[in-house]
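Structure first, commentary second.
The values are calculated or read from the model by the stated rules, or taken from the named source; none is laboratory data. Remember, it's a predicted structure, so these values are computed and weren't measured experimentally. Positions of Cβ are generated from backbone atoms using ideal geometry, with glycine treated the same way; all protein chains shown enter the neighbour counts. Just the protein is used for accessible areas: all its heavy atoms, side chains included, with ligands, DNA and RNA removed. Shrake-Rupley method; radii C 1.70, N 1.55, O 1.52, S 1.80 Å.
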Amino acid sequence: MRIELEVLLPVHNEAESIERTVAEIYDAINPVAAMRFIVCEDGSSDGTPEILRKLETKYPVNLFTGGPRKGYSQAVLLGMRAMEAPYLLCLDSDGQCDPKDFPAFWEARHRADVVIGWRVNRADTTMRRLMSRTFYRVYQIFYNTPVNDPSCPFILAPKNVIARLEPELGVMQQGFWWEFVARTHRRGFSIAELPVRHRLRAAGMTQVYKIKKLPGIGYRHFMALFRIWRETRTEKASAVGKPA
């Protein structure tokens, strides 16, 4: 069977829930589009690699594992470079986004170059939501994107768009999707935004946005925001046409 879609999962220390998450994604998506996983395991220390190797024998999985931690952005970029299918769906591996929302994305794939989720009722802490909205206001001053939730990790894009953007990405180490949306918009690709359900983590605690890390993450976000704007300020957003 021809693979229509690859589902990219960056994974770090998700041993408690990754088996359940992979099963849920596969059961929700494979009946809609013949799929394969691209799993980029990122230096886990809790037994996640062993679980993923077991899952590799049960599901269609292109698994990348081993070595020291690369960070979220580099794990996603590794998966993007490995893409072979016509479409790529990016999801986080913490189970917060409901894969049952996928059929609407698949139906919308010809309406825009990129389809992104909008977590209308976001199941995150008050502090994280507040920081996100504050950063969003500054972000929109720079980019004025037609998106309400540019950090949502539920994104569907065709291979030609991924191939165009991937070499430029990686400036925002802990805000990858903010950068992805900014560069998508600056390059003139069209974006459709669909509401998605957002849930509490399947298990454990967030691996990135811990309270003590937030000031440093915020500072790096703002510095990266300016750098991306500077790199793209001379580009004129132009229509590039929808994927064939």
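Would you please list the contacts, defined by Cβ atoms under 8 Å and residues six or more apart or on different chains, that run from a residue in the range 74-85 that is closer than 20 Å to VAL171 by Cα to a residue that is assigned to a helix (DSSP H, G or I) and open to solvent by 20 Å² or more (accessible area, probe 1.4 Å)?
Close Cβ pairs satisfying both conditions: LEU77/GLU166; MET80/GLU166; ARG81/GLU166.
Of the conditions (1) open to solvent by 50 Å² or more (accessible area, probe 1.4 Å); (2) at pLDDT 95 or above, LEU55 clears all except one; give me its number.
For LEU55, the exception is condition (1).
Output the number of the condition that VAL39 fails; it satisfies all remaining conditions of (1) at pLDDT below 95; (2) buried (at least 23 other Cβ atoms within 10 Å of the Cβ).
Failed condition: (1).
Looking at VAL138, VAL147 in this structure, which one is out of contact with any Pro (no Cβ under 9 Å at 6 or more places or on another chain), aliphatic (A, V, I, L, M) and part of a loop (DSSP other than H, G, I, E, B)?
VAL147
Within the group GLY95, GLY67, which residue is over 16 Å from the mean Cα position of the chain (by Cα), in a loop (DSSP other than H, G, I, E, B) and on the phi > 0 side of the Ramachandran plot?
When all the criteria are applied, what remains is GLY67.
Just to verify a result, which residue in the range 58-82, among those that are at pLDDT below 95 and of a type in the set (D, E, K, R), is least open to solvent (accessible area, probe 1.4 Å)?
LYS70
Taking interchain pairs and intrachain pairs at least six residues apart, which have beta carbon atoms under 7 angstrom, with the first residue in the range 164-176 and outside any helix (DSSP H, G or I) and the second among the aromatic types (Phe, Trp, Tyr)?
LEU169/PHE180; MET172/TRP178; GLN174/TYR72
Limited to the range 92-133, what total is found for residues that are without any contact (Cβ under 8 Å) to a residue 40 or more places away in the chain and open to solvent by 70 Å² or more (accessible area, probe 1.4 Å)?
Summing the residues that are without any contact (Cβ under 8 Å) to a residue 40 or more places away in the chain and open to solvent by 70 Å² or more (accessible area, probe 1.4 Å) in the range 92-133 gives 6.
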